[in-house]
1. Partner chain Cβ atoms within 10 Å, averaged over the residues of B:47-55 - can you pull that number for me?
2. For residue A:14, which inter-copy label distances result when the label point lies 7 Å beyond Cα on the Cα-to-Cβ vector, reported in nm to one decimal and in ascending order?
3. Trypsin sites (Lys or Arg not before Pro) within region B:57-103: which are DSSP loop residues with at most 15 other Cβ atoms inside 10 Å?
4. Does region A:6-71 come out rounded, prolate or oblate, given a ≥ b ≥ c as the square roots of the eigenvalues of its C-alpha gyration tensor, rounded meaning a/c under 1.5 and, failing that, prolate meaning a/b above b/c?
5. Once the other residues with Cβ under 10 Å from the Cβ of residue A:62 are scored (Lys, Arg +1; Asp, Glu -1), what is the net sum?
6. Could you bin all the Cα-Cα distances of chain A into 5 Å bins starting at 0 and give me the percent of pairs in each, rounded to whole numbers?
7. Quickly rank A:94-103, B:11-20 as a protection proxy: mean count of other C-beta atoms within 10 Å, highest first.
8. What residue in chain B has the Cβ closest to the axis turning B into A, and how close is it in whole Å?
Number of protein chains: 2
Amino acid sequence: MPIIENIFSKIPEQVPDELFQTLLSNKQIKIERIISKGHSSSVNNWYDQIQDEWIILLEGQAKLQFANNTALLNLNPGDYLFIPAHSKHRVHWTDPTITTIWLAIHIYPNEYDYE
Amino acid sequence: MPIIENIFSKIPEQVPDELFQTLLSNKQIKIERIISKGHSSSVNNWYDQIQDEWIILLEGQAKLQFANNTALLNLNPGDYLFIPAHSKHRVHWTDPTITTIWLAIHIYPNEYDYE
């Protein structure tokens, strides 16, 4: 029988650092739970990833910024988006009062030997 | 700028058939939203998939059955599990009173030419 776990459980009360937890990982993809609480990327610190990413915000609130656009993207629970590889982006803001829970699917290129 | 959509939006009021919507698809994976409302698999109708699947229930309630076990798996919002390829399973029950929303990640073997 498969093991059931809950994405909203085992949330630490204190989140001093943003928390990245791998839920599933193989050569093709990595499924990750990310927990933020008031965290953001440093100014001019862009994620520039070799892999495509599909991300959904499940709880909380966040603002993303993309290097090719000055506008911020507001994310609320249930909002999802696809971030192609090398689409430079950063987390501009996450709600400091509540926990923000993300589910991220990283999709690695076939030729990339991940692990 | 990436397009943001919401997993909880555009839910039809009537769901005569279970609804499968592809959110992202490439050679490696397919990300799918599934909407159920009282649907279940026919008795002895097992999913026997060539691909691994990671699934999370985001809204509603469901019971899954696995061929190698008589017990039912109760799923509530936030519950997720990994279903390896060829692990025969069926949807025994979904709540008929509210919409059940699933997010499924199908992970295709490298050699499989999906599309």
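The values are calculated or read from the model by the stated rules, or taken from the named source; none is laboratory data. It should be emphasised that the depicted structure is a prediction, and the values quoted were computed from it without experimental measurement. A quick note on method: Cβ atoms are made from the backbone with ideal geometry, for glycine too, and the neighbour counts reach across all protein chains shown. Side chains are part of the model used for accessible areas, which takes the heavy atoms of the whole protein and leaves out ligands, DNA and RNA. Shrake-Rupley method; radii C 1.70, N 1.55, O 1.52, S 1.80 Å.
1. Counting Cβ atoms of other protein chains within 10 Å of each residue's Cβ and averaging gives 1.
2. Sorted ascending, the copy-to-copy spacings read 5.6 nm.
3. Sparse-neighbourhood loop trypsin sites (Lys or Arg not before Pro): B:88.
4. oblate
5. So the surrounding residues net to -1.
6. P(r) over chain A, rounded to whole percents: 2, 11, 20, 24, 20, 13, 7, 2, 0, 0.
7. A:94-103, B:11-20
8. For chain B, the closest residue to the axis carrying it onto A is B:28, 2.
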